[in-house]
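To keep things clear, I will list the structure first and then write my remarks on it.
The values are calculated or read from the model by the stated rules, or taken from the named source; none is laboratory data. Model, not experiment: these values are computed from the prediction. When we count neighbours, we look across all protein chains shown, and the Cβ atoms used for this are built from the backbone with ideal geometry, even at glycine. These area figures cover heavy atoms from the full protein model, side chains too; ligands, DNA and RNA do not enter into them. Shrake-Rupley method; radii C 1.70, N 1.55, O 1.52, S 1.80 Å.
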Amino acid sequence: MSAKSNHEIVAGFMPLLDSAILVAAKERGFAADEGIDLRLIRETSWASIRDRMAVGHFQVAHLLAPMPIAANLGLTPLAAKTIAPIALGLGGNAVTVSNALWAQMAEHGATASLDPALAGRALRLTISQREGDWVPPLKFAVVHPFSGHNYELRYWLAASGIAPDREVEIVILPPPLMADALAAGTIDGYCVGEPWSTAATTAGVGHIATVKAAIWRSSPEKVLGAAANWAEREPDALAALLRALCLAAQWCSSAENHEELAQMLAEPNYVARPADWLLRGLSGKLDVGGEGTKSIEDFFVPFAKGATFPWKSHALWFYSQMVRWGQAAHTPENAAIARETYRPDIYRSALKPLGIALPAANAKVEGALRTPTPVGSTGASLTLGPDGFFDGALFDPDKLDQYIDAQKL
């Protein structure tokens, strides 16, 4: 810790690739350089992180991007007001299925391309065949009810003509247990962040069917959640932490640092899995399972494309899915709570001294950018996209009511 450190911050995290920015902030000294004594506490489930945030054990935490919204809407036990002043990267998830299910999907046209439309069609045809054989519904696991994993899995299934909850059962499991559950036959597939899909393919018990980076390109995954009362009391500490995380994200984004970062994350107090597994996710070169390595564009993006910016359109899309799947009622008040959970104002204020690209807008039309596109920003220049949902849909946060109504159909 540097001599200028004067803020102790305790942060909870899960053993996942996308904890990288927090880990690098501590281990590479970015936090200490900003006067932060950053204590990282490894947890085993998102529910534990949620509860420890609520009772004040953590000032901040590595959180699933929808979790602060759910807390502010009062949808979780021990809900405590939480803000999201910075994102922790884009992408990083995959949908992995058992070898037995993959074999059935392959018979219906699935390939190692990871194309979500092709894989979704094959899964739909497989489910139709299984229904004719009177076998139980397939069971897929996600990491938490209020997670990008849950919503992207459901979005992919629904857009592929499969009814979540009716044609596929969706259950909750902590990430480190998923590969073992797949091997045991307890589940048929799961959606999770790295390295837990690599855990299954390396063990020879699963096959990656598709990835988040293809279901919704340039899509959000984790945020730093901050206890709102702490953030109000300690704005300088929060700003210093955001600067440290931004600098760490820049460092994590450089390919020349990936080997060192993978070794760092592999340590027992962090992800505690082989560095080679973590390097695959960092490089986007994944073993998809029995068919060699597949290079995936923008599989995990720590810094580029505004990856750390807390877009209000991301918050509102997650909220739209909470409504779609019966977790929340759609009211103007609830929409406002979701919108105000993400805090680009705090982000801009904290990071302006760094001279990095700061988006001029707080929200954008999700799915509108078909190619890399320069956008308005202060500081450095900023290029976003391509983004987009695999089915070609758009999400315009200014047309939230219409989007929610259309999803009822």
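Remarks
Let's see how each residue does on (1) touching a residue at least 60 places away in the same chain (Cβ under 8 Å); (2) of a type in the set (S, T, N, Q); (3) within 20 Å of ILE69 (Cβ to Cβ):
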position: GLY306; (1), (2), (3): yes, no, yes
position: LEU316; (1), (2), (3): yes, no, yes
position: ARG339; (1), (2), (3): no, no, yes
position: TYR347; (1), (2), (3): yes, no, yes
position: ASN362; (1), (2), (3): no, yes, yes
position: THR373; (1), (2), (3): no, yes, no
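- Looking across the range 112-135 at every residue that is open to solvent by 60 Å² or more (accessible area, probe 1.4 Å) and touching a helix residue (DSSP H, G or I) at 6+ places or on another chain (Cβ under 8 Å), the one that is nearest to ALA209 (Cα to Cα) is identified as ASP115.
- Residue check for ASP51: open to solvent by 10 Å² or more (accessible area, probe 1.4 Å), in contact with a Leu (Cβ under 8 Å, 6 or more places away or on another chain), without any contact (Cβ under 8 Å) to a residue 40 or more places away in the chain and assigned by TED's automatic domain parsing to the domain that holds ALA262: yes
- Boolean, GLU366 is within 26 Å of ASN72 (Cβ to Cβ), charged (D, E, K, R), out of contact with any Pro (no Cβ under 6 Å at 6 or more places or on another chain) and open to solvent by less than 20 Å² (accessible area, probe 1.4 Å): yes
- Of the residues ALA240, ALA248, the single one that is in contact with a strand residue (DSSP E or B) (Cβ under 6 Å, 6 or more places away or on another chain) and either open to solvent by less than 30 Å² (accessible area, probe 1.4 Å) or among the hydroxyl-bearing types (Ser, Thr, Tyr) (or both) is ALA240.
- Those strands (runs of 3 or more DSSP E) lying entirely in the range 50-154 with at least 3 residues within 19 Å of ALA200 (Cβ to Cβ): 93-98, 138-142
- Going through (1) open to solvent by less than 30 Å² (accessible area, probe 1.4 Å); (2) touching a residue at least 40 places away in the same chain (Cβ under 8 Å) one by one, GLY29 falls short only on (2).
- Residue match in the range 82-90 (condition: more than 30 Å from SER254 (Cβ to Cβ) and out of contact with any strand residue (DSSP E or B) (no Cβ under 9 Å at 6 or more places or on another chain)): no
- The combined condition, being open to solvent by 20 Å² or more (accessible area, probe 1.4 Å), in a helix (DSSP H, G or I), out of contact with any His (no Cβ under 9 Å at 6 or more places or on another chain) and modelled with pLDDT of 95 or more, is fulfilled by ALA336.
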